[in-house]
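Worksheet for the structure shown next.
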């Protein structure tokens, strides 16, 4: 965090990143003096409501954050910033986006505003890969968005969409879709319930982690028969970039138990102010398979450079995740965030899929259920590609016969990758078919 006095005194000359949160009510003109170097500008948390025309002078500006500000209208001035790739206006109570306002972005964040419609000009954002629209008042999407052929991740949760457009299921790179909390998604009342566990029977021992939707702690569940170590997740109330914590909880309950899911044991009753779940406690030797996407990779995970797995372990990881995906889609649930960073693995390659923050209960028996599944199959295809990039191809001392077997498996994985990532969405296999293919390797 930098200080406005330092900016005014010229102390930040030559910086690439500037972050100011100091009650700004107007855009400091001194920022324009950084035009030769500034790439990332973060003015989140200030009561700003407008930008000057001169912001276009920031010719190297790639990323701009204006979350938790007071922009009621998307500022048209940003459209003239030549290098801009990513913009965030989360939590602004924004209502309108003028037709001429959108730059040709890769990443657009408009979570938790009051936007009722998108401009048709969004279809001209041909580079758009990631679009976060959860928590608005959208009743439809402009047909021009069908031209956003690079779109890989789309968050539509907690809007007012009565239906999904057919072109959505023809976007060749869309792999991560969330639309829970809309009229077009079934209500939770149609889905299974879970055993209730009294808050009085739980004791929380230590914090394990905190995400956008809630806090996870290690705890003890005390029953008449035993004391059981568990994980306790207490949900926050606010809308996240993926959607509503309540929808996450409902999807997790509906998914139920599976050997390759981080499964719920019960829902918490009697907590003074939070909803929550009791989950199986994952042993500490399980680790995250990958790291979240960076600003550079956008919609793709990253991995530590030293990461390498045997081909056998890669196949076991993929087989487990395919089985988990087949299980939830059989129950009419899309995970929405099928990424390596949401997968835990042990040394043997047993995999657990977690984090239902972007999950959608879409139901079965309507026109697009298989289309929803085939979008997620593309996400699985990306995971196959990741595993192939991490696979150890040549092992010293390996016999020629074993080496040939490894080559055959790698070729089979490449073939499966091609099937899962074909641009023709309707030609992709379903997860039950993918499971059969992996079981045969």
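Summary of computed values
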| quantity | calculated |
| --- | --- |
| Residue in region 34-41 that is surrounded by fewer than 17 Cβ atoms within 10 Å (Cβ to Cβ), in a loop (DSSP other than H, G, I, E, B) and in contact with a helix residue (DSSP H, G or I) (Cβ under 6 Å, 6 or more places away or on another chain) present | yes |
| Hey, residue 414 free of Cβ contacts under 8 Å to residues at least 40 places away in the same chain and in contact with a strand residue (DSSP E or B) (Cβ under 9 Å, 6 or more places away or on another chain) or not | no |
| Members of region 168-181 found to be in a loop (DSSP other than H, G, I, E, B) and over 16 Å from residue 335 (Cα atoms), listed by number | 171, 172, 173 |
| Candidates 328, 333, 321 - the one that is under 17 Å from residue 382 (Cα atoms) and crowded, with 16+ Cβ neighbours inside 10 Å | 321 |
| Top-ranked residue in region 1-29 [being loosely packed, with under 15 Cβ neighbours inside 10 Å, part of a helix (DSSP H, G or I) and touching a helix residue (DSSP H, G or I) at 6+ places or on another chain (Cβ under 8 Å); ranked as modelled with the highest pLDDT] | 29 |
| Of the criteria (1) touching a strand residue (DSSP E or B) at 6+ places or on another chain (Cβ under 9 Å); (2) in contact (Cβ under 8 Å) with a residue 24 or more places away in the chain; (3) assigned to a loop (DSSP other than H, G, I, E, B), which one residue 151 fails | (2) |
| Tally, over region 258-305, of residues that are closer than 30 Å to residue 128 by Cα and either touching a helix residue (DSSP H, G or I) at 6+ places or on another chain (Cβ under 9 Å) or surrounded by fewer than 16 Cβ atoms within 10 Å (Cβ to Cβ) (or both) | 17 |
| Qualifying residue in region 135-144 (condition: part of a loop (DSSP other than H, G, I, E, B), closer than 25 Å to residue 42 by Cβ and at pLDDT 95 or above) | yes |
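The values are calculated or read from the model by the stated rules, or taken from the named source; none is laboratory data. Because the structure is predicted, anything quoted here is derived from the model rather than measured. Cβ: placed from backbone, ideal geometry, glycine included. Neighbour counts: every protein chain shown.
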